[in-house]
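What follows is a short report on a single structure.
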């Protein structure tokens, strides 16, 4: 985020050749306790960049006018937050009114009767009705309240899917590679498991040194990565971590890639990306808990918008990133972050910041068959899951909230995975239980195809 002449901006571009005034809307309003003060956020729902030079925002008093400085242009789908407080403050019962240059042609307005506990924002961004958001999101997509929970969209029955007592506690992440291989990670000590089916159960592969899982290390061969989530990708097996267990009081938000071949029982990361400085500060045990990978082809087909460039996502702009983006979830705030990770290691670019509809995100799962991103929470959220799809503005937004299956207790499920194939109209799903309740850390259920 940059600050320019009292404006906090995301996705601003240079002057537009032809202004399109029909798509600019008030999107979010902070009337109490903002930083540095009261602000009004605008978004562009149109398809052409709009030059905002001279546009005016007033409150309910027409003598109070904030005029946007010269050279500020808003790209399609982008956001700009106007710090109006040096000119006037917004009251507990007030209005925000947007005018074209000159201050006489009204474009949009919103009126409220009391301060919001957070902010007032449109849900969906730019087009929906105003509501109280779940958090202030200055110059970025609104944090909209999730829809009321619906019943789990699959079978109600849940069964144990591991041998009793095999994993113990701390099994935190799980992911399918295909119908015959599942990867799972343990956060303490950091371990990676290759699981294969045995009837209705998943058990450790007994070949190539996998029978007790393999110990994970950082790229230099040191440390004990607190492995919280895993995903199988064309780049390799990739793990999200929240700290080095050898220094357990310090947050260290790293993504690590591993080559899961050979017989060695200790694996050194083949690449790593330290996201700590790019993400909000998090306690050592409230960091990266979730990861998934989304193919570029799915993102471009859906019209996904790149918040870094303010334009439609163009994979060619990220040389060396592979063929997809990595989505990670932060436990401390429930927010999802999309990254282009240069596969040589180290370099990365944040492409999007996404409100998950969850207070905390414990795992993420991309379902290519439906184009839905799943964000799941543990027992602190009663095991609820949200699904997100790319909306008309090119951003992932919550479409549904689901309760856990009625046949499953409120376990400390920190991992979630969806099988890639349908069998008799249903897909198998797996949950990993960090607490190993009743001596089982892995459970299976179904999701309707």
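Taken together, the values in this text are just the output of simple stated rules run on the coordinates, not laboratory data. Computed from a prediction, not measured in an experiment: that's the story for all the values here. Cβ sites come from the backbone with ideal geometry, for glycine too, and all protein chains shown count toward neighbours.
Of note:
- Projecting label points 7 angstrom from Cα along Cα→Cβ for residue 207 and residue 69 puts them 6.4 nm apart.
- Using a Förster distance of 30 Å, the FRET efficiency for residue 382-residue 300 (Cβ separation, nearest 0.05): 0.25
- The stretch 196-223-the stretch 176-193 distance, computed between alpha-carbon centres (Å): 7 Å
- A full extension of the chain between residue 48 and residue 369 corresponds to an added length of 112.4 nm, given 0.36 nm per residue minus the alpha carbon distance.
- Likely footprinting exposure, 431, 293, fewest C-beta neighbours within 10 Å first: 293, 431
- Here the contact order of the chain, divided by its residue count and restricted to Cα pairs under 8 Å and six or more residues apart, works out to 14 percent.
- Radius of gyration over Kirkwood radius for the chain, both on Cα atoms: the Rg/Rh ratio is 1.02.
- Rounded, prolate or oblate (a/c below 1.5 giving rounded, otherwise prolate when a/b exceeds b/c) for the stretch 323-368 by Cα gyration tensor: prolate
- Panel order for 115, 321, by other beta carbons found within 10 Å of each beta carbon, from fewest to most: 115, 321.
- Residue 87/residue 111 FRET efficiency (R0 30 Å; Cβ-Cβ; nearest 0.05): 0.95
- Relative exposure of 365, 177, judged by other C-beta atoms within 10 Å (fewest first): 177, 365
- Each of residue 104 and residue 198 was given a label point 7 Å from its Cα along the Cα-to-Cβ line. The distance between the two points is 8.2 nm.
- Efficiency of FRET between residue 157 and residue 179 - r from beta-carbon atoms, R0 30 angstrom, step 0.05: 0.90
- Contour excess over end-to-end distance, with Cα ends at residue 62 and residue 392 and 0.36 nm allotted per residue: 115.4 nm
- Segment residue 131-residue 314, extension gain: residue separation times 0.36 nm, minus the distance between their alpha carbons: 62.6 nm
- The stretch 291-449 shape via C-alpha gyration tensor axes, a/c threshold 1.5: prolate
- Shape category assigned to the stretch 368-423 from the gyration tensor of Cα positions, a/c cut at 1.5: oblate
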